[in-house]
Amino acid sequence: MSESQTTKIQVRGLSKVFGSQPKKALELRDQGLKRPEILEKTGQTLGLSNISFDVKEGELLVIMGLSGSGKSTLIRCLNRLIEPTEGDIIIDGENIPKLNEKELLQCRRRHFSMVFQNFALFPHRTVQNNAEYGLEIRGVDKAERTQKARDALKQVGLDGWEDAMPSQLSGGMQQRVGLARALANDSSVLLMDEAFSALDPLIRKDMQQELLELQHRMKKTTIFITHDLDEALNIGDRIILLKDGEIVQIGTPEDILTNPADEYVARFIEGVDMSRILTARHAMRPVRATAREDDGPRTVLRKLSENGLDSIYVTTRERKLLGLVDADAADQAAKDGEQSIKAILHDDFPRVGPDEPLNNLFAMFNEKSRPIAVVDENQRLLGVVVKGAVLAELAESGER
Amino acid sequence: MAIDIPRLPLGDWIEGGLDYLTTQFSAVTRGISHVTQGGINSLNDALMWMPAWSLIALIALLCWRMSGVRLAVGSALGLALIWNLGLWDPMIESLTLVVIATLVAVVIALPLGILAAISNRFYAIIMPVLDFMQTMPAFVYLIPAIPFFGIGSVSAIFATVIFSMPPAIRFTTLGIRQVPKELIEAADAFGSTRSQKLVKVQLPLSLPTIMAGINQTIMLALSMVVIAAMIGADGLGNEVWKAIQRLRPGDGFEAGIAVVILAMVLDRLTQSFRKTKKAQ
Ligand SMILES: Nc1ncnc2c1ncn2[C@@H]1O[C@H](COP(=O)(O)OP(=O)(O)OP(=O)(O)O)[C@@H](O)[C@H]1O
Ligand SMILES: [Mg+2]
């Protein structure tokens, strides 16, 4: 994730009161009262209170919290399936709460597609017609929408099932249809409310993986709701933690694991935070390829491209780590007719011993996101740790 | 301490109101009467022009397609019995009245039912009205029909429509309100307009329920059409009526059995329609 991402949605001071006297509830909120007291005093539920955050173009933002924390309310305020009580939601310059009915309709069609926890497929429509729904109501002509729906179904691995009815499919497949319905629509933001929570664990893992791949391919701005920390860590670029209708922390999975904002977050991640006993050895993977000190730039380039790498470690015959060579430098050296890589060898990457605790590793991933080299006391290369592996290891050990 | 509360002249008021309506709207009622009578006559003529056996075959075929062999054979035998008893023409007359009354009732009931499903205020207004319409003894409707449309089949249709409409309205409302909230959310989330939501989601999903309502409407219409013989409607009711006046219980029962057969065929047929719709 680079810093130059543009902001897709700005949410500012968003609040939602369920009940007939929202003003009263908000006044009490401004006096510093919390949800339970407000409920007791006025009978109004403070669903969301003063929520502000940005959604960046192309990111996968996870909103996490316990049941009743206001996740569904928040995501539904974005497309006004629930009317916000106050606050701004700005998408591409439009302030959603201020739109009139017609503009809202257009805004929903253009910007939002939603995937639901219990799939919410139309039972009287075939898989194909479900996937076409969003396009159909926008008046897209038959040939085009057939094609787009087909493509979307293919994306989620459902080609051949176009004519089935939703009731003939398993849960996982039904949710794929739900996903295809959202993708076919070609809207700019994907809203997913506990989209995988109704699936059994194995299928759920698969779906997470597929969503990640899809997201990687299509770079679609996605807001994903879950009450499951593993899921959040696994797929989120950033995570927003909600409690009683308020944001307690916004951050990358690393931020949340390493610096829990408060007791609540800390308790949330308690089950997961095994990082103190886990070390680099646990998360380390074998090195896919290394170069020798006497390799020429062309050999290095071939090794890089064969293994799909953009940098490669250089070792001695005894696997003693000498340094790293970047692809662009090797490319330049080859063009300049250099015979040796000694000149372009550098030391600008993190290296740790195998017993380094995992939670120390987060800080080491620099902005170029180079992997961390793991070396023994004789500087021999044992393996590498990539960013994702740390999280995966943490998440998995949380499950055990 | 007896306070003498004067009797409320409720009946007088109603009569006054009806008088007012009949004089004010005589042109309208005459128009309606004309059109309805025309409809009744042409449908009657068409059905009677067909030889009885061919209509029986047609209905049996329909039953076979919609339901199966059993219903096809059953209705063919039942209808043949009616033919054999010499009650074919009165049966056709009754059928015509049922068909036309049901059509009119459904055409009025669908929009009302949809409105009641969408608007809570309209729901609050119409439900007591429906209760009233359904608990009022059936033949009371016959009386105001006469000043509007005179003695005969048009009055019968008028009374029948009013009497048989409530279930169609109720079930339409019920069916639409029963559509799962999640599906409504899904339709909204993709930016459906209100009418798109109605046509593409709410109505198709409530169709089985609406069909159940229409089935009840047909049954009520048939029962009313028989009673409407009291105000001069033709058909099987009239046969029963004649049998009563001539004190011939045998004839009366024959006509009664014909009514039962017609009712069963109509009921099973509409039910099977509902089921096949649901299975799709
Ligand atoms: N229509 C409503 N009327 C009154 N209160 C509501 C309404 N909808 C939600 N709430 C309340 O608002 C709070 C937040 O609800 P919300 O459904 O957003 O929680 P959630 O985080 O999605 O929980 P879950 O994980 O159970 O889905 C809850 O206390 C809930 O009871
Ligand atoms: Mg929820």
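The values are calculated or read from the model by the stated rules, or taken from the named source; none is laboratory data. Note that this is a predicted model, so its numbers are computed, not measured. Every residue, glycine as well, gets a Cβ built from its backbone with ideal geometry; the counts of neighbours run over all protein chains shown.
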Residue within segment A:221-232 that is part of a helix (DSSP H, G or I), over 24 Å from A:Ser49 (Cα atoms) and within 16 Å of ligand 2 (Cβ to nearest atom) present: yes
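Just checking, how many residues over segment A:56-76 are hydrophobic (A, V, I, L, M, F, W, C) and more than 16 Å from A:Thr226 (Cβ to Cβ)? Let's see the steps before the verdict.
The first filter runs over segment A:56-76 and keeps only residues hydrophobic (A, V, I, L, M, F, W, C), leaving A:60-64, A:66, A:74-75.
Imposing the further condition that a residue be more than 16 Å from A:Thr226 (Cβ to Cβ) reduces the set to none.
Of the residues in that region, 0 qualify.
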Any hit, segment A:320-337, residues being farther than 12 Å from A:Thr290 by Cβ, out of contact with any Lys or Arg (no Cβ under 7 Å at 6 or more places or on another chain), modelled with pLDDT under 85 and not β-branched (Val, Ile, Thr): yes
Segment A:47-68, residues that are over 15 Å from A:Ile250 (Cα atoms) and within 6 Å of ligand 1 (Cβ to nearest atom): A:Gly47, A:Ser67, A:Gly68
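Give A:Asp159, A:Asp186 a once-over and let me know the one that is more than 16 Å from ligand 1 (Cβ to nearest atom), within 14 Å of chain B (Cβ to nearest Cβ) and surrounded by fewer than 20 Cβ atoms within 10 Å (Cβ to Cβ).
A:Asp186
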Total residues in segment B:254-277, condition at pLDDT 90 or above and basic (Lys, Arg): 1
Conditions (1) at positive phi; (2) more than 15 Å from ligand 2 (Cβ to nearest atom): number failed by A:Gly68: (2)
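When segment A:47-60 is examined, which residues are found to be within 16 Å of ligand 2 (Cβ to nearest atom) and not β-branched (Val, Ile, Thr)? Talk me through it step by step, then tell me what you get.
Keep residues of segment A:47-60 that are within 16 Å of ligand 2 (Cβ to nearest atom), which gives A:47-48, A:51.
Hits for segment A:47-60 are A:Gly47, A:Leu48.
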Qualifying residue in segment B:140-150 (condition: away from chain A (no Cβ under 14 Å) and not in a helix (DSSP H, G or I)): yes
A:Glu59 being over 23 Å from the mean Cα position of the chain (by Cα) and under 24 Å from B:Phe190 (Cβ atoms): no
Count - residues of segment A:286-297 that are surrounded by 15 or more Cβ atoms within 10 Å (Cβ to Cβ), not in a strand (DSSP E or B) and not aliphatic (A, V, I, L, M): 4
Those residues of segment B:55-70 which are of a type in the set (A, V, I, L, M, F, W, C) and either assigned to a loop (DSSP other than H, G, I, E, B) or closer than 14 Å to B:Leu262 by Cβ (or both), in sequence order: B:Leu55, B:Ile56, B:Ile59, B:Cys63
Hey, A:Leu26 of a type in the set (A, V, I, L, M), away from ligand 1 (no atom under 13 Å from the Cβ), farther than 25 Å from A:Asp230 by Cα and part of a helix (DSSP H, G or I) or not: yes
Whichever residue in segment A:71-118 is of a type in the set (A, V, I, L, M), under 20 Å from the mean Cα position of the chain (by Cα) and within 15 Å of ligand 2 (Cβ to nearest atom) and, among such residues, is surrounded by the most Cβ atoms within 10 Å (Cβ to Cβ): A:Met114
Among (1) within 16 Å of ligand 2 (Cβ to nearest atom); (2) away from chain B (no Cβ under 14 Å), the one test that A:Asp200 misses: (1)
Of the criteria (1) in contact (Cβ under 8 Å) with a residue 12 or more places away in the chain; (2) more than 16 Å from ligand 1 (Cβ to nearest atom), which one A:Lys142 fails: (1)
Tabulated pairs, segment A:60-77, first closer than 18 Å to A:Ile256 by Cα, second assigned to a helix (DSSP H, G or I) and near ligand 2 (Cβ under 9 Å from one of its atoms), C-beta under 7 angstrom, 6+ apart or interchain: A:Ile63/A:Lys71; A:Ile63/A:Ile75; A:Gly65/A:Lys71
Total residues in segment A:54-94, condition outside any helix (DSSP H, G or I), more than 14 Å from every other protein chain (Cβ to nearest Cβ) and within 28 Å of A:Lys34 (Cβ to Cβ): 19
Single residue of segment B:174-229 satisfying the filter (of a type in the set (Ser, Thr, Tyr) and part of a helix (DSSP H, G or I)) that is farthest from the other protein chains (Cβ to nearest Cβ): B:Ser223
Neighbours by Cβ (under 6 Å, 6+ apart or cross-chain): first from segment A:176-204, within 19 Å of A:Leu158 (Cα to Cα); second hydroxyl-bearing (Ser, Thr, Tyr) and part of a strand (DSSP E or B): A:Ala182/A:Ser113; A:Asn185/A:Ser113
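Working only within segment A:233-269, note down all residues that are in a strand (DSSP E or B) and either crowded, with 23+ Cβ neighbours inside 10 Å or of a type in the set (A, V, I, L, M) (or both).
A:Ile239, A:Ile240, A:Leu241, A:Leu242, A:Ile247, A:Val248, A:Ile250
For the structure I just gave you, tell me whether B:Gly237 is more than 14 Å from chain A (Cβ to nearest Cβ), crowded, with 19+ Cβ neighbours inside 10 Å, over 14 Å from the mean Cα position of the chain (by Cα) and assigned to a helix (DSSP H, G or I).
Details: more than 14 Å from chain A (Cβ to nearest Cβ): yes; crowded, with 19+ Cβ neighbours inside 10 Å: yes; over 14 Å from the mean Cα position of the chain (by Cα): yes; assigned to a helix (DSSP H, G or I): yes.
So B:Gly237 passes the test.
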Among the residues listed as A:Pro22, A:Pro36, the single one being buried (at least 17 other Cβ atoms within 10 Å of the Cβ) and either of a type in the set (Ser, Thr, Tyr) or away from ligand 2 (no atom under 16 Å from the Cβ) (or both): A:Pro22
